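Where a number appears in this text, it was derived from the coordinates with a stated rule and is not lab data. From a predicted model like this one, the values you see are computed outputs, not experimental measurements. Positions of Cβ are backbone-derived with ideal geometry, glycine not excepted, and every protein chain shown enters the neighbour counts.
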Amino acid sequence: MKSILLFLVFFIFTFTRSEAQPVKDQKAIYMTYGCCIKRENAENFNYEDNNIKFNIRPELTWCEIKIENKTHQEMTILWDKALFVVNEQSASFMYYLNLDCISFLSSEEIIAPHSYIEKECTNTTLRGRFILDNRIIKKTGEDYYIRLIIPIEVNGEVKKYDFKYRVSLINAKKQQKYKEKRQKKIMKELEKVIKQHQE
């Protein structure tokens with residue numbers, strides 16, 4: 001009985017202390033299909049340095065990726081070692097044109113100096129199903145994450161570019177209602193369990 005009460009206190013503290021908040025840093029976000037996608041730990045949604053530039057746009061069933069080589073040397077994308085994670089489920093990249101044309105990427109792809117590649121990708125688990133899926137948020141009231149890990153080799157040295165995006169609803173108040181609904185459901189279940197142990 002004591003352990004159940006402790007769990008109830010832990011639940012109330014954990015699940016009621018935070019609310020969905022509107023995103024303040026507009027440069028690091030992208031909004032589409034009712035979802036707000038924010039790149040974590042970054043000031044901008046995309047990435048650029050002296051050697052390389054990434055433009056990434058998560059869409060409903062695919063992710064648009066543009067990678068620009070700004071150097072005088074070839075770059076090799078190691079697609080067979082890249083990871084595409086959606087809602088904690090890790091998988092490999094796949095080329096996406098439409099639901100009838102989804103295929104595996106080549107294991108490696110070279111970007112010539114001062115040129116770029118551009119692709120629409122999904123992953124080997126989703127295969128054209130939703131990447132931006134507000135049903136996940138409606139079920140729990142919680143944000144979920146998309147993560148892209150893309151290794152690129154230059155002159156025998158490999159660097160992993162790691163991009164993590166938090167997905168929430170644009171309507172933060174609506175998301176909070178989903179969260180409260182889930183909390184009430186769990187509370188009822190806990191109250192039922194406690195009542196059973198009291199009998």
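Among the residues of region 134-152, the one identified as outside any helix (DSSP H, G or I) and over 23 Å from residue 42 (Cα atoms) is 141. Scanning region 55-94 for residues that are small (Gly, Ala, Ser) and surrounded by fewer than 19 Cβ atoms within 10 Å (Cβ to Cβ) gives 90, 91, 92.
Here residue 118 fulfils each of the conditions (1) closer than 27 Å to residue 62 by Cβ; (2) surrounded by 13 or more Cβ atoms within 10 Å (Cβ to Cβ); (3) not polar (S, T, N, Q) apart from (2).
Where the second residue is surrounded by 14 or more Cβ atoms within 10 Å (Cβ to Cβ) and aromatic (Phe, Trp, Tyr) and the first is in contact (Cβ under 8 Å) with a residue 60 or more places away in the chain and lies in region 151-163, which pairs have Cβ atoms under 9 Å and are six or more apart or on separate chains? Pairs found: 151/79; 151/161; 152/161; 161/47; 161/54; 163/47; 163/54.
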